[in-house]
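Notes follow the structure.
The values are calculated or read from the model by the stated rules, or taken from the named source; none is laboratory data. Source: prediction; values computed, not measured. Here the Cβ is made from the backbone with ideal geometry for all residues, glycine too, and neighbour counts use every protein chain on show.
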Amino acid sequence: MTNVSVIGAGVVGLACATALTEAGHDVTVHDRGEGPGPASCSWWAGGMLAPWCEGESAEEPVERLGAEALDWWAARVDGVARNGSLVVAPARDAADLRRFERRTRNAEKIDGERVAELEPDLAGRFRQALFFAGEGHLDPRAALAGLRQRLSESGTEICYGSEIDPEDATGDQVIDARGFAARGDLAELRGVKGEMLVLRSADVTLSRPVRLLHPRIPLYIVPRGEGVFMVGATMIESDERDRISARAMLELLGGAYALHPAFAEAEILEIGVDARPSFPDNLPRLIREGRVIRANGTYRHGFLLAPALAAQAARLVADPSSKPEFIHEHHR
């Protein structure tokens with residue numbers, strides 16, 4: 001059994017702690033925050049487990065390894081929905097829908113009648129759509145709470161308010177899963193700003209994530225239950241984490257309204273802004289430096305790729321000579 005310190009209690013850190021605990025290691029998690037909350041990028045995630053949709057623009061490993069995420073999460077936390085994903089576009093943007101179809105796999109092209117069967121509140125609003133039946137979604141905050149409970153029940157300690165440098169952490173091995181906070185140690189790590197809204201509307205009901213094709217951003221609306229929806233998200237090359245731009249607010253609200261006019265009367269519950277940790281190729285990396293393994297760079301695929309990244313990190317802890325797919329040479 002190896003003693004492992006995991007630095008960071010976001011989705012990557014908790015997934016790594018889970019994989020290591022399940023492999024029989026003695027794990028302690030440290031996080032600089034005072035507890036779960038908006039300081040973590042994972043707090044603002046969409047929670048879509050949609051590898052086929054992401055294949056429209058993402059690299060091949062996102063689709064291939066992300067396809068394993070639905071079963072991974074469903075086996076460990078409650079509340080994973082397997083209702084698929086719906087991709088829609090206004091009639092004037094039918095060409096964008098055809099382009100999305102060409103660039104993805106496992107989609108069923110459906111007409112307006114079928115859209116109404118899947119989402120009655122969208123009846124008559126879209127003539128055609130793409131339905132990805134094999135996809136799912138979860139509530140990120142609830143899912144992370146589920147992992148924390150699972151870890152606690154297994155005897156793994158999660159220490160909040162514990163800001164330590166990975167080099168100074170105790171343990172035979174250290175997993176650095178600090179996300180964007182690790183940019184001082186990872187020269188190629190950059191921030192991709194995401195802005196999103198949490199709305200509440202009693203007049204709209206959706207049972208699955210709906211992507212509205214948009215000329216500038218991949219807009220999505222994800223149901224959280226009880227009339228609450230996550231609307232996101234922008235992708236801006238920026239390290240800024242503190243404010244939403246007027247343009248983003250207009251686009252997000254305009255997209256929600258375009259999906260259903262009832263969102264015009266929705267209550268804005270939260271406004272989220274954060275910087276997603278990303279490498280130049282938008283793929284995650286495992287970087288070994290002595291006893292420290294840096295697990296980072298999940299871009300906007302945190303919940304989709306964290307299980308695969310965690311499994312590879314656990315493999316590297318068990319066998320330092322192994323060469324998991326995301327292993328990468330470090331250049332400080």
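For the condition at pLDDT below 95, under 25 Å from ARG127 (Cβ atoms) and touching a helix residue (DSSP H, G or I) at 6+ places or on another chain (Cβ under 8 Å), LEU206 does not qualify. All of VAL273, VAL292 fail the test of being more than 16 Å from TRP44 (Cα to Cα) and surrounded by fewer than 23 Cβ atoms within 10 Å (Cβ to Cβ), apart from VAL292. Of the residues making up region 166-180, those that are under 21 Å from ALA275 (Cα atoms) and in a loop (DSSP other than H, G, I, E, B) are ALA177, ARG178.
Determine whether region 310-325 contains at least one residue that is of a type in the set (A, V, I, L, M) and either assigned to a strand (DSSP E or B) or assigned by TED's automatic domain parsing to the domain that holds ILE221 (or both). There is no residue in region 310-325 that is of a type in the set (A, V, I, L, M) and either assigned to a strand (DSSP E or B) or assigned by TED's automatic domain parsing to the domain that holds ILE221 (or both).
Scanning region 59-94 for residues that are in contact with a helix residue (DSSP H, G or I) (Cβ under 9 Å, 6 or more places away or on another chain) and either at pLDDT below 95 or closer than 16 Å to LEU130 by Cβ (or both) returns GLU63, ASN83, GLY84, SER85, LEU86, VAL87, VAL88, ALA89, PRO90. Could you say whether any residue in region 42-49 is closer than 24 Å to ALA181 by Cβ and surrounded by fewer than 21 Cβ atoms within 10 Å (Cβ to Cβ)? Yes, region 42-49 contains a residue that is closer than 24 Å to ALA181 by Cβ and surrounded by fewer than 21 Cβ atoms within 10 Å (Cβ to Cβ). Taking the criterion of being surrounded by 17 or more Cβ atoms within 10 Å (Cβ to Cβ) and assigned to a helix (DSSP H, G or I), the residues of region 121-156 that qualify are LEU122, PRO140, ARG141, ALA143, LEU144, GLY146, LEU147, ARG148, ARG150, LEU151.
What's the number of the condition PHE279 fails, among (1) within 18 Å of GLU237 (Cα to Cα); (2) touching a helix residue (DSSP H, G or I) at 6+ places or on another chain (Cβ under 8 Å)? Failed condition: (2). If you go through region 279-317 and keep only what is among the small types (Gly, Ala, Ser) and in contact with a Ser or Thr (Cβ under 8 Å, 6 or more places away or on another chain), you end up with GLY297, GLY302, ALA306, ALA310.
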